[in-house]
Amino acid sequence: MIHSLFLVNSSGDIFLEKHWKSVVSRSVCDYFFEAQERASEPENVPPVIPTPHHYLISVLRHRIYFVAVIQSEVPPLFVIEFLHRVVDTFQDYFGVCTEAAIKDNVVVVYELLEEMLDNGFPLATESNILKELIKPPTILRTVVNTITGSTNVGEQLPTGQLSVVPWRRTGVKYTNNEAYFDVVEEIDAIIDKSGSTITAEIQGVIDACVKLSGMPDLTLSFMNPRLLDDVSFHPCVRFKRWEAERILSFIPPDGNFRLLSYHVSSQNLVAIPVYVKHNITFREGSSQGRFELTLGPKQTMGKAVESVLVSSQLPRGVLNVNLNPSQGTYTFDPVTKLLSWDVGKINPQKLPSLKGSMSLQAGASKPDENPTINIQFKIQQMAISGLKVNRLDMYGEKYKPFKGIKYMTKAGKVPEGRRDEAALP
Amino acid sequence: MPYLGSEETLKELKRALSNPSIQADRLRYRNVVLRVIRLMTQGLDVSPLFMEMVKASASVDMVQKKLLYLYMCTYAPLKPDLALLAINTLRKDCADSNPMVRGLALRNMCNLRMPGITEYIQQPVLAGLRDKASYVRRVAVLGCAKMQNLQPEAEIDGAVVNELYGLLRDPDPVVMVNCLRALEEMLKAEGGVVINKPIAHHLLNRLKELDSWGQSDTLTFLLRYEPRDEAELFDILNLLDGHLQSSHGAVATATLRLFLRLAAAHPAVQADALSRAQGPLLAMCASASRELRFAALCHVRRLLRSVATQYAAHYKRFFCSYSEPGYIRLCKMDILVELVNDENVALVLEELRAYCTDVLPELAQAAIFAIGRIGQMYSERCLGILVSLLGLRQEHITSAVLQTFRDLVWLCPQCTTAVCRAVASLEDSIQDSEGKQALIWLLGAHGDKISSAPYVLEDYIDSLKAELSSLVKLELLTATVRLFLSRPAETQDMMGRLLHYCIEEEGDMCVRDRALLYYSLLLCGVEDIRRILGGPTTDASLGVIAGHSEEPVDSWAPHFNTLELLLARGCVHMLAGRLPAPPSDGPHSSLSLSLEPALSPESFERHWLELDVSHVGPVTCPWPHCLPEALQAALQLVQIQVLAFSRPQSLPWKAYLYSHGDGTLILAEVLRDSTQGADHLQLTMKQVPRDKHVLQGFVAVLKSALQALSRDTS
């Protein structure tokens, strides 16, 4: 299925290759490099590239392309999901998944790739099981290993492989039994110049860290389960029960896992927690323009909006800006024309603002592009959709676990944008 | 890779590896090996150290073993004689008490990829199949396939195949899936692993135990299974139901594909499955990974051909954001065009309007083309937007707008006046040839409504020498002659110049010939040329063909969840919008059979055995009483190859035929049976991939050939 894997960095060098079947020459990547050159931005390289004898399927994560070489017809989603799993595993093992980290741990990388695929087919991909086969490198363990000469490799086969519940190993034992759930919501919205919402949706996930002994059977219920539109579950969740009672019932995997991800898209339910007031004007015939921006919180249920970062792509005609932020710092890159303002926390009593002037190219006509404003932020202890966990119960084991649930909201990968049509002629 | 001081490094490593004091210290020994591997991964050739490395593999250290296996697998093909030395160590490891060591050794032994290795690995692999640790069995099963790959010409060992079929009942689910994968690879020549009823039901029942990769693979294998009756079919669908909403995209789409395939005869079930899979697909369209999003969007784009209304309410999810890469945005625009209806058209157009000023010209143009496609239904709204875009005076935008104008005028005659007004007030010049062609066509076809048409064309004629594209020149020729018909006085002089230049000085043969053609047409008289060139300049009926027609689910279901879907980037759509296909008059006339690529008797036999019958029926036509050789020659003329036939006078008489048509392969058996009367012909056909129209066409061709032949011989 997956014939070979090449890791390519953003400057177009292959820095790692692994072949599961016969060796495929590096020259197959030339087709990829061609596409890379054509693409204006790194992320514009198409994920599937056909070549005369192979298909190249790539994912770009952490500025590294993971290029899989495929020789026959495969379900594309399968390969893409697998490549992401590889990246997730690297990240899990090394903390970060950078070129340097991969090069430093090249041996563990090869060990992992060897265990994850055999003859091009996925073998062991669950992080629980992999970690028993190959122990992740930690500073402490590296020190211990250097002294004692022991290794990172488990001497025994993973025990969980034959348990009745494939995602959980048997014989788990903890002294402190605890289960933590993080409800993280990301809000994606596009707002037009008058402040009305064009589209808004919430992507939510519940990530869990469960460290419970034995075979616990958990049920999690929500105050308002009908809120969730498209839900997709970890395989451990009993789907029938959810359909009938809207209760999550499951035997959890051991350790960290994503319990479910969901989607809230009904407009009336999605409230945007911040607002922007702005005034960007260029005058005809003058080489000066005015820039004014004010941020304020809205519908945050008293929670503070933190880590606010505003960025805007200014028109090409702007040479420089001279702005005055009421708080935080701003930078302007005269080459890319990217203005970014690190606001920090929004204080509702004293709203942060950024005011000043822009200098334009002399003699150039009034810019007709429409600057967009992107906002990133975080709100702790609140799920913007209003989703609330009602209760968490455990059956099947006698002990009393420690339970915790945390909420967080942040701006999504596709941040809130504001289309400023006012600048159009 | 040139590497400074590489020889020195190699020598030093060689010394270190054979230094007994280092060998005695486990940690130092391993570190030296580690350095060798590091150099290897950097592309340096460290194969001269093979001898020393083989010695190092006789270690108890697990990491060192893994490193050395990696080293050996890389260099064994280069040093086969030295690698044989390592085999002994590997075979010993295959009998180790630790299952992990056993599995590791077995896996790497199978990966050595050097000639003659099979005789050494056969026994450990077979022993591995019966190992008590599932880890080793998993490796051994795939080892069988690897062994087969090492010597592709060798006969397949029936015992191994049977053993693998037996291992499908292994308690470990991964072993089971690996068996399927291994069998598929080994039996590729025979059409892959056979899924019969017991196996299919066994697989379905164990689907729950598998990990997502295994599920996805198994579901793909199950595509081969054909349920016997309705009851069985619905049993299977019930088992699959839960997987439609799996959180893994690969599993959800694989299940949907299987659903569509199994329920091909039940459109209601298909529709239900499609609506149930909508949630997971939409969620994938918003997934954090760009690549997944793209794959999901491509799937949705294909789904929309049949179930556009289902997704119409979700159109806002397909609005693009600025941070998305181009390929996703192109896909989303395609989808938006499909989703337009009376309620959302205003918002969708407003959104597309915003993309038209994108920094990337290709995206901006794609957005304009999208507006143009919507314009085929909502022409007034779109015209307003397109005309206002001309005011931006950006070259790539103007060019794209003109191209959409040309299509709009063709498909919606009511736009003509507005388009002509906009073109008449156009001030900027266009540089790219696509845009030029569109403008010149508009000027030629509707020159009577554009007052400045002759003057604009004249500019083009005057600068003809600098024009590089011959397509523009061809367009210019046609347009000028057309304009001459509607406005002779203003055009005559420049047409003369144009024809003179094209005939006397032009280097491109096509352009010259076209000019000569027009010249001789002009000699025939104005009335004739008017009849030839003055065809319709609009054709509203074409809009129906280029526009929306719901396709049956089965037309795309076979490609669902395959790479093909991701490669067919919107270009097909754009073409469909721009060049309306000629209306076809029935499936027969459009069918073209061909003999290429030729099929060998062996591959015919293989296909015949593995395919299901697509059509059985009598052929109602008299039997031509001629020699089979004559039949063979006659059928060859209509591109049907007769591969084998019985002796002339024997009964029952059989002939095997094949042909390729529209990308499908058709195999047929003609049976002449005396029990049914000597003239009765029974036709059995098999086809891959299935396409009813092609099959009908094939029968028609065959019939007419036989009829002609019997007329000739009687």
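With runs of 4+ DSSP H residues as the only contributors, calculate the mean residue ellipticity of the protein assembly as shown at 222 nm using -39,500 (n - 2.57) per run, divided by the residue total and rounded to the nearest 500.
On the way: 44 runs with 514 residues, N = 1139.
So the helix-based figure for the protein assembly as shown works out to -14000 deg cm²/dmol.
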**Message:** Run the reach check for A:Lys173 against lysines, Cα to Cα strictly under 20 Å, same-chain hits fewer than 8 apart removed. What comes back?
**Reply:** A:Lys131, A:Lys135, A:Lys211, A:Lys398, A:Lys400, A:Lys403
**Message:** I want to check the label-to-label distance for A:Lys193 and A:Asp104. Put each point 7 Å from Cα in the C-beta direction and report it in nm to one decimal.
**Reply:** 4.9
**Fill in**
Non-local residues with an amide H under 5 Å from the amide H of A:Val343, with H modelled 1.01 Å from N and Pro and chain starts lacking one, are A:Val308, A:Leu309, A:Val310
**Complete:** Residues whose built amide H sits under 5 Å from the amide H of B:Ser614, excluding neighbours closer than 5 in sequence, are B:Met685, B:Lys686, B:Gln687
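With a 1.4 Å probe, how much accessible area is buried between chains A and B, both sides summed, in Å² to the nearest hundred?
On the way: alone 22090 and 34500 Å², together 49360 Å².
What A and B bury together is about 7200 Å².
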**Request:** Using R₀ = 30 Å, calculate the FRET efficiency as 1/(1 + (r/R₀)^6) where r is the Cβ-Cβ separation of B:Lys692 and B:Ile156; round to 0.05.
**Result:** 0.25
**Whole-Hz couplings from phi, Karplus 6.51/-1.76/1.60, listed for the range B:480-489; x for Gly and Pro** = 5, 5, 5, 5, 4, 5, 8, 9, x, 4
**Message:** Compute the helix-to-body angle for B:453-462: its Cα long axis versus the longest principal axis of chain B, expressed 0 to 90° and rounded to tens.
**Reply:** 60
**Sequence-distant residues sharing a close amide H with A:Lys135 (under 5 Å, placed H)** = A:Val153, A:Gly154
**Message:** If I model a spin label as a point 7 Å beyond the Cα along the Cα-Cβ vector, how far apart are those points for B:Asp493 and B:Arg130 in nm?
**Reply:** 10.1
**Message:** Charges at C-beta only: +1 for Lys and Arg, -1 for Asp and Glu. How large is the resulting dipole of the range B:317-462 about its Cα centre, in Debye rounded to 20?
**Reply:** 260
**Asked** How much length, in nm to one decimal, is gained on full extension between B:Ser555 and B:Leu85, taken as 0.36 nm per residue of separation minus their Cα-Cα distance?
**Response** 163.5 nm
**Message:** Projecting each Cα onto the charge dipole of chain A (Lys/Arg +1, Asp/Glu -1 at the beta carbon, about the Cα centre), which of A:Thr336, A:Ser353, A:Cys209 comes out farthest on the positive side?
**Reply:** A:Ser353
**Asked** Ranked from highest to lowest mean number of other Cβ atoms within 10 Å per residue, what is the order of the peptides B:46-56, B:640-650, B:392-402?
**Response** B:392-402, B:46-56, B:640-650
**Asked** Rounded to the nearest 20 Debye, what is the dipole magnitude of the range A:41-112 about its Cα centre when Lys and Arg each give +1 and Asp and Glu each give -1 at the C-beta?
**Response** 80
**Asked** Are there GluC sites (Glu not before Pro) in the range A:1-86 that DSSP puts in a loop and that have at most 15 other Cβ atoms within 10 Å, and which ones?
**Response** A:Glu73
**Item:** Acute angle (nearest 10 degrees) that the helix B:158-167 long axis makes with the longest principal axis of chain B, alpha-carbon atoms
**Value:** 90
**Asked** Given a Förster distance of 60 angstrom, what is the FRET efficiency for A:Gln71 paired with B:Glu8, based on the Cβ-Cβ distance and rounded to 0.05?
**Response** 0.90
**Item:** Where the protein assembly as shown is the region considered: accessible area per residue in Å², 1.4 Å probe
**Value:** 43
**Message:** Calculate the FRET efficiency for B:Asp459 and B:Val526 from the Cβ-Cβ distance with a Förster distance of 35 Å, rounded to the nearest 0.05.
**Reply:** 0.85
**Message:** With θ taken as phi - 60° and the coefficients 6.51, -1.76 and 1.60, list the Karplus ³J(HN,Hα) couplings across the range A:84-95 in order, rounded to whole Hz; mark glycine and proline as x.
**Reply:** 5, 5, 4, 4, 4, 5, 4, 5, 4, 7, 9, x
**Request:** Summarise the accessible area of chain A (1.4 Å probe, protein heavy atoms) by the percent that is carbon and sulfur.
**Result:** 51
**0 to 90° range, to nearest 10: angle between helix A:106-116 axis and chain A longest Cα axis** = 70
**Item:** Point-charge dipole on Cβ atoms (K/R +1, D/E -1) for chain B, about Cα centre, debye to 20
**Value:** 2420
**Set of lysines with alpha-carbon distance to B:Lys188 below 28 Å, sequence-local pairs under 8 removed** = A:Lys18, A:Lys21, B:Lys146, B:Lys197, B:Lys208, B:Lys686, B:Lys692
**Request:** Give a residue-ordered list of calculated ³J(HN,Hα) values for the range A:399-404 (Karplus: 6.51 cos²θ - 1.76 cosθ + 1.60, θ = phi - 60°; whole Hz; x for Gly, Pro).
**Result:** 5, 9, x, 8, 10, x
**Request:** Determine the share of chain B's accessible area contributed by carbon and sulfur atoms, expressed in whole percent, with a 1.4 angstrom probe.
**Result:** 55
**Message:** Please report the net charge: other residues with Cβ closer than 11 Å to the Cβ of A:Met408, K and R +1, D and E -1.
**Reply:** -1
**Prompt:** Label B:Ser650 and B:Asn149 with points 7 Å out from Cα along Cα→Cβ: what is the distance between them in nm?
**Reply:** 4.3
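The values are calculated or read from the model by the stated rules, or taken from the named source; none is laboratory data. Please read these numbers as outputs of a predicted model, since none were measured by experiment. Here Cβ is always computed from backbone atoms with ideal geometry, including for glycine, and neighbour counts include all displayed protein chains. Protein only, heavy atoms only, side chains kept; ligands, DNA and RNA dropped before computing areas. Shrake-Rupley method; radii C 1.70, N 1.55, O 1.52, S 1.80 Å.
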